[in-house]
Amino acid sequence: MSVEPGRHRDQARVAAAQRDDAADDPRVPMEDRYRRMLLELPPAKRLEMACRMFSTAQELVRAGIVAEGVTGEADLRRRLFLRFYGRDIRDEAFRRRAADEIASRPSARRPA
C-alpha cells in the first residue's frame, strides 16, 4: 500500500477501509461516492479530465452550430463564445464587443 507524504500507514488503512465500506453501503448516495472517487485522484489528473470534458463540450456545441448552417470560422467562434459565456455577460454592448473580438482573432484550433 502506498502512503501519501505526511500520512501515517494506519491512517491510510483506515481511509481505505472507510472507502471500501462506503462503496458497499447502499445508503451512501452515488454522488458522494463519485465525488470521493474524484477527490482521490491526483490534481493533475482531475485537471486533465476537466480539460478533456470541456474540449468535448466545445466539439458538441460546434457540431450543433454547424448543423444550423453556420460555416464561417469567425462566425463559429463568435457563436461558441456566446453559447458558453454569453449569459454571464449582462452588458449587451460589452457582450457584442467581446464576441466580435473573439471572432476576429486567428483560429487557435488544432487540426483533428
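The values are calculated or read from the model by the stated rules, or taken from the named source; none is laboratory data. What you see is a predicted model, and the numbers here were worked out from it, not measured in a lab. Heads up, the Cβs are rebuilt from the backbone with ideal geometry, glycines too, and the neighbour counts pull from every protein chain shown.
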| query | Is it true that R96 is farther than 29 Å from R35 by Cα and either without any contact (Cβ under 8 Å) to a residue 40 or more places away in the chain or not assigned by TED's automatic domain parsing to the domain that holds Y34 (or both)? | reply | yes
| note | Subset of segment 56-84, residues in a helix (DSSP H, G or I), among the small types (G, A, S) and either closer than 19 Å to R105 by Cα or not assigned by TED's automatic domain parsing to the domain that holds R105 (or both), comes to A74
| said: With the requirement that a residue be more than 30 Å from P106 (Cβ to Cβ), surrounded by 10 or more Cβ atoms within 10 Å (Cβ to Cβ) and aliphatic (A, V, I, L, M), what does segment 31-55 give you? | reply: M37, L38, L41
| note | Log entry, pairs with first residue in segment 59-73 being over 13 Å from R83 (Cβ atoms), second being part of a loop (DSSP other than H, G, I, E, B) and modelled with pLDDT under 95, beta carbons closer than 7 Å, six or more apart or on different chains, reads E73/S107
